[in-house]
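*Asks:* Sharing a structure, written as structure tokens. Questions coming.
FYI, it's all coordinate maths here, none of it is from the lab. These numbers come from a predicted model, not from an experiment. Don't worry about glycine lacking a Cβ; one is built from the backbone with ideal geometry, like all the others, and counts go over all protein chains shown.
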Amino acid sequence: MKQLFILAASFLALSAQAQNIDEIINAKEVERIERTLASDEMQGRRTFSPAIEKAAAFIADEFKQTGLQTWKNSGTYLQEFVMVKPKFINASCNFNGVAVDSRDVIVVTCQADLNISETSGYEKVMIAKGANLFSEASKYVQSGKNYFVTVDTSFAKTFGRLTGLKRQLFKADNSVVFVMAAEQPKTFTVSSKHEFTEQKLANVIGVLPGKSKKNEYVIFSGHYDHLGIGKAVNNDSIYNGANDDAAGTTAVMMLAKYFKAKKDNERTLIFVAFTAEEVGGFGATYCSRQFNPDDVKAMFNIEMIGTESKWGTNSAYITGYEQTDMGKILQANLEGTGFTFHPDPYTDQNLFYRSDNATLARLGVPAHTISTSKMDSEPNYHKVSDEIGTLDMENMARIIKSIALSSKGIVSGKDTPSRVNVAGLR
């Protein structure tokens, strides 16, 4: 009798949970948000356009109605920042009085004219042979400190890739100089000249503080920008981006409502709609730099979940599945639901590195993207035909509910996924 009572109580609890989640996350509510974000009025939500500001205002208002707190009690859900676009003019460097080939010098700075030497107070470090070059270099750029970085000559073939760090340049006071050489110099001088253009952007971020683990973070994210207005096809020039990624942004907003209603998250939950994913992932990069990566226990990045996966309904895939045990944790929490999270079947497309999870993943965070997009045959990807009529709202709602249910152990602090092996990343 006691066992029967326990089983009955468990069944009732599950039934109550299912009923509660269905009241919050359902196809009708999913469609309401999707229709707004993917409407022609939003004009494709292009980065730096007035239309994307309208989309940001809508998301912020939804976060306010949900009852989320603002980031660091700032009083606004808009996480504003300035992108700095540099135009390189010239650079020169001397090592121990000997000129260095300008091709072996990369300066990441927001200063139009930079002139430094060994007496300028820059911390001297070296990226040694065998290290993860891009990960190490990114760490110094993101540190907020001034560094003079000697890069071992074993990186001769990939050293030039560090110029990509200039494309992720946010207005900051620190500068980092990279010089390829076999050893650190006793004396050095570096001069560089750039011209800069400033552009303002904003993520939309809301916070649900944790109870017992307030300083441990779980991030739910999607990007709200898309391609805007482009070449007309059949008299339609608006790239609405219903699936890419109004779908993921809708999921983030739904999850915020669900967890706010549950009121039982032990860890602090961060809900963020990123800007500028389509033009370089700048929103995610900036937001990621606001966290100590050790404090972020998991990241659920949600992208393009509006269509069926290759396995049909009630399924999705997780990029970088093999990098951590997060996928196994999520699937274990879905036992009996009929929903399956699969490993990414499109590994040849490097999706783990192509979405907004990548910045934190490269720093060791179990940060994964959840998607259903058939990347080898998605008919509406980056086309004007990516409109709300192509989406399956019922299946979308099931996917969002499955993310909510599968994350319960991580949200409660019971489960902590393993970290990404940074040394193993390319």
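*Asks:* Under 12 Å from a point 7 Å along the Cα-to-Cβ line of Ser117: which residues of region 135-151 have their amide N that close?
*Replies:* The answer is none, because no backbone nitrogen lies closer than 12 Å to the label point.
*Asks:* Looking only at region 55-82, which residues have a backbone nitrogen under 15 Å from a spot 7 Å from the Cα of Glu198 in the C-beta direction?
*Replies:* Those under the cut-off are 80-82.
*Asks:* Next question, about the same structure. Here are some pairs, Lys257/Lys414; Lys263/Lys414; Lys64/Lys139; Lys87/Lys139; which of them have Cα atoms lying more than 26 Å apart in this structure?
*Replies:* Lys64/Lys139
*Asks:* A further question on this structure: For n ≥ 4 DSSP H runs only, could you compute -39500 (n - 2.57) per run for the chain, divide by its residues and tell me the 222 nm figure to the nearest 500?
*Replies:* So the helix-based figure for the chain works out to -8000 deg cm²/dmol.
*Asks:* Using the Cα gyration tensor of region 89-171, with a ≥ b ≥ c the square roots of its eigenvalues, what is the shape: rounded (a/c below 1.5), prolate (a/b larger than b/c) or oblate (neither)?
*Replies:* It is rounded, given that a/c, with a ≥ b ≥ c, falls under 1.5.
*Asks:* Note the full-extension length gain between Arg103 and Ser135 as 0.36 nm times their separation in residues minus their Cα-Cα distance, in nm to one decimal.
*Replies:* Full-extension gain reported as 9.4 nm.
*Asks:* Let me ask something else. Taking the Cα atoms of region 209-263, what is the range of coordinates along each of the three principal axes, in descending order and whole Å?
*Replies:* Computed over region 209-263, the largest-to-smallest principal extents equal 55, 20, 10 Å.
*Asks:* Could you state the angle between the C-alpha long axis of helix 133-142 and the longest principal axis of the C-alpha atoms of the chain, as a value from 0 to 90 degrees rounded to the nearest 10?
*Replies:* Relative to the chain, helix 133-142 is tipped by roughly 90 degrees.
*Asks:* For Arg161 and Ser237, FRET efficiency with R0 = 60 Å and r from the beta-carbon atoms, rounded to 0.05?
*Replies:* Computed FRET efficiency for Ser237 and Arg161: 0.95.
*Asks:* Which loop-located trypsin sites (Lys or Arg not before Pro) does region 175-204 contain, where loop means any DSSP state but H, G, I, E or B and the Cβ has at most 10 other Cβ atoms within 10 Å?
*Replies:* Filter output for region 175-204: Lys186.
*Asks:* Counting only DSSP beta bridges with both residues in the chain, what percent are antiparallel, rounded to the nearest 5?
*Replies:* Given both bridge residues lie in the chain, the antiparallel proportion sits at roughly 55 percent.
*Asks:* Return a whole-number percent for the relative contact order of region 83-197, with Cα pairs under 8 Å and 6 or more residues apart as the contact set.
*Replies:* Relative contact order here is 49 percent.
*Asks:* Sort Arg45, Arg354 so the one with the fewest other Cβ atoms within 10 Å of its own Cβ comes first. Before the final figure, lay out the partial values.
*Replies:* Details: Arg45 29, Arg354 15.
Starting with the residue having the fewest Cβ neighbours, the order is Arg354, Arg45.
*Asks:* Does anyone have the angle between helix 50-66 and the longest principal axis of the chain? Alpha-carbon axes, 0 to 90°, nearest 10?
*Replies:* The two axes meet at around 50 degrees.
*Asks:* Between the DSSP loop rule and a limit of at most 15 other Cβ atoms within 10 Å, which trypsin sites (Lys or Arg not before Pro) in region 133-176 are left?
*Replies:* Sites meeting the loop and neighbour criteria: Lys145, Lys157, Lys171.
*Asks:* Among Asp225, Asp236, Asp173, which comes first, second and so on when ranked by fewest other beta-carbon atoms within 10 Å?
*Replies:* Ordered by Cβ neighbours within 10 Å, fewest first: Asp173, Asp236, Asp225.
*Asks:* Can you pull out the GluC sites (Glu not before Pro) in region 263-369 whose DSSP state is coil and whose Cβ has at most 10 other Cβ atoms within 10 Å?
*Replies:* For GluC sites (Glu not before Pro) across region 263-369 that sit outside H, G, I, E and B with at most 10 neighbouring Cβ atoms in 10 Å, the list reads Glu335.
*Asks:* While we're looking at this one, here's another question. With Rg and the Kirkwood Rh both taken from Cα atoms, where does Rg over Rh land for the chain?
*Replies:* 1.01
*Asks:* On C-alpha positions alone, give me the angle between the axis of helix 247-262 and the longest principal axis of the chain, in degrees, nearest 10.
*Replies:* The two axes meet at around 60 degrees.
*Asks:* Going by C-beta contacts inside 10 Å, put Thr163, Thr416, Thr324 in order with the fewest on the left.
*Replies:* Ranking Thr163, Thr416, Thr324 by Cβ neighbours within 10 Å, fewest first, gives Thr163, Thr416, Thr324.
*Asks:* Between Asn96 and Tyr381, how many nm apart are label points set 7 Å from Cα along the C-beta direction?
*Replies:* 5.1 nm
*Asks:* Mind checking the full-extension length gain between Val82 and Lys124? Use 0.36 nm per residue of separation minus the Cα-Cα distance, one decimal, nm.
*Replies:* Full-extension gain reported as 12.3 nm.
*Asks:* Note down the relative contact order for region 233-351 as a percent, whole number, built from C-alpha pairs under 8 angstrom at least six residues apart.
*Replies:* The normalised contact order for region 233-351 reaches 24 percent.
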